[in-house]
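Comments concern the structure below.
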Amino acid sequence: MKRLLDCTASDMKSMTAKELKQAILASEGRTVLSENIVSVEPLVSSVTNSELAAAFGADLLLLNAFDCYKCEIKGLPQTDNPIELLKNYTGRPIGLNLEPVDIHANMMEDTLKIPKGRTACEDTFKLANKLGFDFVCLTGNPKTGVTNKQIEDAIILAKKHFDGLVFAGKMHSSGVNEPVVDLKAVEKFIDNGADVILMPAVGTVPGFQESELHEAVELVKTKGALSMSTIGTSQEGADSSTIREFALSSKRAGVDIQHIGDSGYEGIAIPENIMAMSIAIRGKRHTYRRIARSINR
């Protein structure tokens, strides 16, 4: 087994879900995940946002607004298997956002209706498996009405129909009037089979303290799962010093993976902020090695 920190593209391509989870754990909090919107034109022409994120130091890539029925990724050439091609282009494990929408959620704002191909249901889990995604992330975009209870139910469904890792939790309210981080919900997520629990980075949602993040992370560890801090509040578009503050706070709290969102510019974090996060949590040596290592290794 290798730390993900040391893995080449060929190492990552051949990993099972269990091996990927162990490689992340062994990296001791030095794993960067970049989320990218695939339904908008890329920031840079002739290259996908995922390729750009990988070039600036991301270890894992999470696709947002990917419709499992349409399978379109802006900037990617026409292909019958877009995920396989994107893996070949980036040399990184690829994940998919699927949203467990609760039609009965107590909303604080108008609900944004999303297509079925983006929701967490039996059909989309099966399609995600067939397409070759390495992990799914059960969470909610703004205004979509994703609740902790619906995430809990979606985990059970995912474990039946998807072979990769299951990430679960909330980055922000998703428009719902409920706590973003609920320790009882976290326990249920893990008991139902979630491999990675996501929670907002301190400073991204109002009132959430580092002590609370640390408490949740310790709970996750005792139950054998991994944790991920998230920047999902458009602060991925803030200055680099803000990103470094988030990154070091999450490192102190003990998280295994650090996520940076997709709305710095539309569709991707400011690329320099991906690098700033990487340098803050693992230094220039590991960052430059990740950036420079050929996908042909």
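Based on C-alpha pairs under 8 angstrom that are at least 6 apart in sequence, the stretch 152-297 has a relative contact order of 19 percent. Taking label positions 7 Å along the Cα-Cβ direction at both SER39 and ARG293, the computed distance is 3.3 nm, reported to one decimal.
Of the whole protein surface, THR16 contributes about 70 Å² of accessible area at a 1.4 Å probe radius. Measuring with a 1.4 angstrom probe and ignoring ligands and nucleic acids, ARG118 comes out at about 40 Å² accessible. Ranking HIS172, HIS214 from most to least accessible surface, computed with a 1.4 Å probe over the protein chains only, gives HIS214, HIS172.
Given a 1.4 Å probe and every protein chain left where it sits, what share in percent of the accessible area of the stretch 152-289 is carbon and sulfur? Walk me through the intermediate numbers first.
Values: 2550 of 5230 Å².
Here it works out to 49 percent.
In terms of Cα to Cα distance under 23 Å, which lysines are near enough to LYS284, apart from those fewer than 8 places away along the same chain? Within reach: LYS2, LYS251. Take THR119: with every protein chain present and a 1.4 Å probe, its accessible area is about 30 Å². When both the stretch 207-230 and the stretch 14-51 are represented by their alpha-carbon centers, they are found 21 Å apart.
Note on exposure: LYS221, LYS170, LYS251, LYS70 ranked by accessible area (1.4 Å probe, complete protein assembly) read LYS70, LYS221, LYS251, LYS170, with the most exposed listed first.
Per residue, how many Å² of accessible area does the chain show with a 1.4 Å probe?
Numbers: 12330 Å² over 297 residues.
Result: 42 Å² of accessible area for each residue.
Remark: relative contact order (the stretch 1-88) = 26 percent; criterion is Cα-Cα distance under 8 angstrom and separation of 6 or more residues.
For the chain, relative contact order (Cα pairs under 8 Å, six or more residues apart, normalised by length) works out to 22 percent.
Spin-label model, ALA17/ASP163: points 7 Å from Cα along the beta carbon direction are separated by 1.0 nm. Label separation (ILE156 vs LYS223): 1.5 nm, computed from points 7 Å beyond Cα along the C-beta direction.
Computed from the C-beta positions of ALA26 and ARG285 and an R0 of 22 Å, the FRET efficiency is 0.80 to the nearest 0.05. When SER50, SER39 are compared by accessible area at a 1.4 angstrom probe, the order from most to least is SER39, SER50.
Ligands, DNA and RNA left out, the accessible area of the stretch 31-90 computed with a 1.4 Å probe is 48% carbon and sulfur. A straight Cα-to-Cα reach below 18 Å connects LYS221 with the aspartates and glutamates GLU19, GLU28, ASP182, GLU187, ASP191, ASP195, GLU210, GLU212, ASP256, residues fewer than 8 places away in its own chain not being considered.
The values are calculated or read from the model by the stated rules, or taken from the named source; none is laboratory data. No experiment lies behind these values; they were computed from the predicted model shown. All Cβ positions, even for glycine, are placed from backbone atoms using ideal geometry, and neighbour counts span all protein chains on display. Just the protein is used for accessible areas: all its heavy atoms, side chains included, with ligands, DNA and RNA removed. Shrake-Rupley method; radii C 1.70, N 1.55, O 1.52, S 1.80 Å.
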